[in-house]
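Take a look at the structure below.
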Amino acid sequence: MESGKLYDAIEEKIGPTGWSLIIEIPRDDVVAPVLDVFKGLVAGILLVYLSAVAAAVFSVGKVTRPINAIAERVKSIGRGDFASTVEIKTGDEVQTLSDEVEKMAVMLVEKKEMEKRLVQTQKIASLGRLVSGVAHEINNPLSVIIWSSQLLLRDFKPGDRRHEDLKMLEKHALACKKIVDDLLRFSRTGKQVDIAVDINRNIEEALSLIGKHTKGDISLVLDFDPSSPKVQGDPDRLHQVFLNLAVNAVDAMKKKGGTLTVSTRSVGAGRERSVEVTFADTGCGISPEDMERIFDPFFTTKEAGEGTGLGLSVSYGIVSDHNGRMWAESAGGKGSTFHIVLPELENAGQETT
Ligand code: ADP
């Protein structure tokens, strides 16, 4: 408004004053600071809002990411993949949940292993009963055949055709007898003798028997626990286990040669203390399909007449009778390793062999 008009307007409102003070302030000087305050206020509110949204997104992500990882882990366990693990270190309930899922996976693996062992033991036990009956029936007539052929052999000189025929008869009857003996050994359960056995010594004795089977370029390395761990059991039956493992290893290496490393070591502590025996060879290895069946009675990949397929199932039965565990692993053609874990004798010092 012009100053004259403003003056008239004031006088009209409040009457003549005699004097008047008119302060003129540019419009922008009044409005601009108010606008600035308003803009600052809006920017502040916007900043607070955006920070709240960002914080919400961040904290939702912080929770959902590990939960998604746990969900994926549970799905993979459902598919039977127990090996991969997920590690969550949030230090809160989500970590507790993840730890529990991992514990569940470990328990499932143990349960699966136990079921596998149970099935294997039951398979061997039921087959053992059947085999035992048949083998006993065959054993007697077979003994008579061998005994009679040996008796008759005395009557015919070498060179005589009948001597050769009888020799052939004896040879085949003896081969059958070996199979029957294997079957009888297979069906035998429990410990016949139960004494403290020095595992290192027992393995050495068994290995001394395979000397004659080692052909070609095969070397033997012994890596024994110097504390000479002892187990409670039947030394002859344990010999049989170690002999079976050694013969198989030698067979697996007979084409190309290699090394069989036999080691013992004490594992665990207190009442859980055990001795682990490993037979590791550098032979042909075991394919994944065969691996599923090697402990099955009568499974063999050896030529007819060379294997009965009973060695590993017999060994498995013997190790189970000694409250032990036995398993194998093989990385393709890079050899095989057999592991045996037997409970260590708590109170060594009894009769030892
Ligand atoms: P057998 O020796 O009479 O065949 P086993 O029960 O001892 O019977 O072995 C079963 C099969 O397991 C063998 O035929 C072989 O295929 C496999 N096997 C066992 N030990 C080994 C080994 N160290 N390396 C490769 N294959 C093996």
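Model label points for Thr259 and Val86, set 7 angstrom from Cα along the Cα-to-Cβ axis, are 4.3 nm apart. Inter-label distance, Val42 to Ala175: 10.3 nm, where each label sits 7 Å from its Cα along the C-beta direction.
Length gained on full extension, Lys75 to Leu50, computed as 0.36 nm times the residue gap minus the Cα-Cα distance: 5.4 nm. Placing +1 on the Cβ of every Lys and Arg and -1 on the Cβ of every Asp and Glu, with nothing else charged, gives the chain a dipole about its Cα centre of roughly 1980 debye.
Using a cut-off of 15 Å between beta-carbons, work out the net charge of the residues near Thr96 (Lys and Arg +1, Asp and Glu -1, Thr96 not included).
Details: positive: Arg73, Lys89, Lys103; negative: Glu87, Asp92, Glu93, Asp99, Glu100, Glu102.
Its environment carries a net charge of -3.
Projecting the Cα atoms of Val277, Pro158, Val131 onto the dipole axis of the chain, where Lys and Arg carry +1 and Asp and Glu carry -1 at the beta carbon, places Pro158 farthest toward the positive end. Computed over the chain, the per-residue total of -39500 (n - 2.57) for DSSP H runs of n ≥ 4 gives a 222 nm mean residue ellipticity of -19500 deg cm²/dmol, rounded to 500.
Relative to the dominant Cα principal axis of the chain, helix 27-78 is inclined by about 10°.
Note that the range 80-85 has calculated 3J(HN,Hα) couplings of x, 8, 9, 6, 5, 10 Hz, one per residue in order, obtained from phi through the Karplus relation 6.51 cos²θ - 1.76 cosθ + 1.60 (θ = phi - 60°); glycine and proline are x. May I ask you to derive the FRET efficiency for Arg117 and Lys157 from their Cβ-Cβ distance with R0 = 56 Å, giving the value to the nearest 0.05? Using R0 = 56 Å, I get an efficiency of 0.50.
Only the coordinates and a few stated rules stand behind these numbers; no lab work does. Not measured: the values here are computed from a predicted model. Cβ sites come from the backbone with ideal geometry, for glycine too, and all protein chains shown count toward neighbours.
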